[in-house]
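**Student:** Handing you a structure now.
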Amino acid sequence: MAEYPDGLVGQQVSRLSHDFSVFVEFGDGDGLRVETPFTVVPAGSDRPVEIDPEEPEEHWSVVTGLLHQRVVHAAVGPQGVLSLLFARGDRMECPPHSQHEAWTFTSQTGELVVCTPGGDLARWAGRTL
C-alpha cells in the first residue's frame, strides 16, 4: 500500500456532512468526499459498519465518532481501496466501485485524487504554498 494522499496523516477531522455523499473536512481545508458505500470499524470493535452515503442516517453516529480525531495512517491499496486509521483506533475503508467514482480527495493546494470506476486512481498535482 502506498502512503497516500500526500499530507493526510496528522490532519484532524473538523467537520462532517452528507448530501448523497459523505464529506470529511480536515482542519487545514483538505477534504474527502465518499460517494459509494464504505465501512467504519469503531475503536475497540472488529465489526465493520457499512455506511451508505445516500442514506447515512442509520449509522451516522458511527461516522460522527471520527469528528476531531487525527489521521495516523492513510494508504491506498493497489485496487484503489482508501484506508484511514485514526488516533483513537477507528478505521475507515473506502473501496472502489465498478460503475462510479468511489471517493475524491482534494487539498487546499489543489491536489486532486479520484478513485475512478474500477479502482484506478486519477491524480492531479497541486501547487506549492
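Quick note: the coordinates plus some simple rules give every number you see, no bench work behind them. Model, not experiment: these values are computed from the prediction. Note: ideal-geometry Cβ built from the backbone for every residue, glycine included; neighbour counts use all protein chains shown.
**Student:** Summing +1 for each Lys or Arg and -1 for each Asp or Glu, what net charge is found among the other residues whose Cβ lies under 14 Å from the Cβ of ASP19?
**Tutor:** Cβ neighbours under 14 Å give a net charge of -4.
**Student:** Considering the zone a paramagnetic label at GLU54 would reach in this model (a point 7 Å from Cα along the Cα-to-Cβ line), which residues of region 29-47 have amide N under 16 Å from it?
**Tutor:** 34-38
**Student:** Using just the helices of the chain, give the 222 nm mean residue ellipticity in deg cm²/dmol: DSSP H runs with n ≥ 4 each add -39,500 (n - 2.57), and the total is spread over all residues, rounded to 500.
**Tutor:** Numbers: 1 runs with 5 residues, N = 129.
About -500 deg cm²/dmol.
**Student:** Gap in Å between the Cα centre of region 24-74 and the Cα centre of region 99-117?
**Tutor:** A separation of 16 Å, based on Cα centres.
**Student:** While we're looking at this one, here's another question. In terms of modelled amide H atoms, which long-range or inter-chain residues lie less than 5 Å from the amide H of GLU111?
**Tutor:** GLY126, ARG127
**Student:** If you don't mind, another one. Quick one: 3J(HN,Hα) in Hz for region 108-125, Karplus 6.51/-1.76/1.60 with θ = phi - 60°, rounded, Gly and Pro as x.
**Tutor:** Residue by residue, region 108-125 yields 5, 8, x, 4, 9, 10, 10, 8, 6, x, x, x, 6, 9, 10, 9, 10, 6 Hz.
**Student:** With the convex hull built on the Cα atoms of the chain, state its orientation-averaged projected area in nm².
**Tutor:** On the way: hull surface 28.8 nm².
About 7.2 nm², averaged over all directions.
**Student:** If you don't mind, another one. For Cα pairs less than 8 Å apart in space and 6+ apart in sequence, what is the mean separation divided by the residue count of the chain, i.e. the relative contact order in percent?
**Tutor:** 24 percent
**Student:** Determine, for each peptide in 99-111, 66-78, 9-21, the mean count of other beta carbons within 10 angstrom over its residues, then list the peptides with the highest first.
**Tutor:** 99-111, 66-78, 9-21
**Student:** Could you list which residues have their amide H under 5 Å from that of VAL72, counting only those 5 or more apart in sequence or on another chain, with H placed in the peptide plane?
**Tutor:** When sequence neighbours closer than 5 places are left aside, the close amide H contacts are GLY10, LEU85, PHE86, ALA87.
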